[in-house]
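The values are calculated or read from the model by the stated rules, or taken from the named source; none is laboratory data. This is a predicted model, so every value here is computed, not measured. Glycine gets a Cβ as well: all are built from the backbone with ideal geometry, and neighbour counts include every protein chain shown. Surface accessibility is based on the protein's heavy atoms, side chains included, excluding ligands, DNA and RNA. Shrake-Rupley method; radii C 1.70, N 1.55, O 1.52, S 1.80 Å.
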Amino acid sequence: MQSGSAPILREVTQNNERARRIQETSLDRPEKTRIITISNQKGGVGKTTTAVNLAASLAGKGMRVLVIDLDPQGNASTALGVDHHNKVLGSYEVLVQGLPMTDAVRPSPEHENLLCLPATINLAGAEIEMVDVSGRELVLRNALNQYLASVERIDYVFIDSPPSLGLLTVNALSAATEVLVPIQCEYYALEGVTQLVSNIERIKRGLNPELVVSSILLTMFDNRTNLSTDVAQEVRRFFPTQTLEATIPRSVRLSEAPSFGQTAITYDPKNTGSLAYQEAAIELAQRGATL
Ligand code: ATP
Ligand code: MG
């Protein structure tokens, strides 16, 4: 009995210590707005979970944060407790109808510093509807710049992109100053990343010269398996400077939170997954965008 409960007790103690360190850390606001696109064309690697939990972590640290949901599934909007039924104005109207973002950005009930441009299912048709729009790759960038110039200073913008390399993702990458790539610690983790990196290079050359892959985040890490450890090592070899020290463990609490319309940071702040996202957010903020 005693030997069985010891590891759990140790984890509780460690987590309390981590929570204390997170709480004690204060962050400086970045010199200028950091616009971070979360991208990986592979589905289900933790893009949305990463976008909303990093956003909520930084909002909790006093940063003003905007999440742009650019995935027709609208999962980021759900997790941030922001309505996204098909009558709601959102990223579709901004991209296809030229609606100013100020008319569609909503506060998230998660935190007073947190805003969201929701995505509705209408967005599923946007890629086709935008085919004959001139400058269609830069619609989001122009709308976002106009928005940022007209509102109180936003510190971080996270753009959640869909699992494809289509026009929505091109808009997300063209609007960003940096890219964060979540990589799931699984077999074939790096498959597709080479293609993603070469696409990012192409966008950098043609549309957005300042774009950098600033961060790689290892997600769904399971330290009990050799596979996770091996994949993590391989990713760190491939991206030695970009890979964040913090890794996100597999955690049921992270996957439960959206069904309550919450991020894990609000739903269960002391859970190991929430702590890992808060640590990753602090690292991201402290590193700046210099990589
Ligand atoms: P898509 O490509 O469909 O947009 P995604 O890359 O945005 O997917 P998520 O939706 O964030 O991925 O995660 C996929 C699924 O895995 C979700 O059900 C999510 O709740 C769950 N999940 C994400 N991260 C974790 C984690 N660290 N531990 C356990 N479950 C997780
Ligand atoms: Mg997603």
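Return a yes/no flag: does the range 36-57 have any residue that is more than 16 Å from ligand 2 (Cβ to nearest atom) and within 21 Å of Leu140 (Cα to Cα). No, the range 36-57 contains no residue that is more than 16 Å from ligand 2 (Cβ to nearest atom) and within 21 Å of Leu140 (Cα to Cα).
The strands (runs of 3 or more DSSP E) found entirely in the range 21-127 that carry 2 or more residues being under 24 Å from Asn199 (Cα atoms) and at pLDDT 95 or above are 34-38, 65-69.
Do we find that Val131 is more than 19 Å from the chain's Cα centre (by Cα) and outside any helix (DSSP H, G or I) in this structure? Here the answer is yes, as Val131 does meet what is asked. A search for C-beta distances below 7 Å between a residue of the range 217-236 that is in contact (Cβ under 8 Å) with a residue 40 or more places away in the chain and any residue that is among the aromatic types (Phe, Trp, Tyr) and open to solvent by 50 Å² or more (accessible area, probe 1.4 Å), counting only pairs 6+ apart in sequence or on different chains, returns Leu227/Tyr187. If the condition is being touching a His at 6+ places or on another chain (Cβ under 9 Å) and within 12 Å of ligand 1 (Cβ to nearest atom), then the range 51-75 contributes Asp69, Gly74.
Checked against the criterion of being surrounded by fewer than 21 Cβ atoms within 10 Å (Cβ to Cβ) and of a type in the set (S, T, N, Q), the range 51-59 contains not a single residue that satisfies it. Taking the condition within 16 Å of ligand 2 (Cβ to nearest atom), of a type in the set (A, V, I, L, M), open to solvent by less than 10 Å² (accessible area, probe 1.4 Å) and under 21 Å from Thr219 (Cα atoms), does Leu180 pass? Criteria met by Leu180.
The criterion of at least 2 residues that are within 16 Å of ligand 1 (Cβ to nearest atom) and not basic (Lys, Arg) is met by the following helices (runs of 4 or more DSSP H) wholly inside the range 135-219: 167-175, 193-206.
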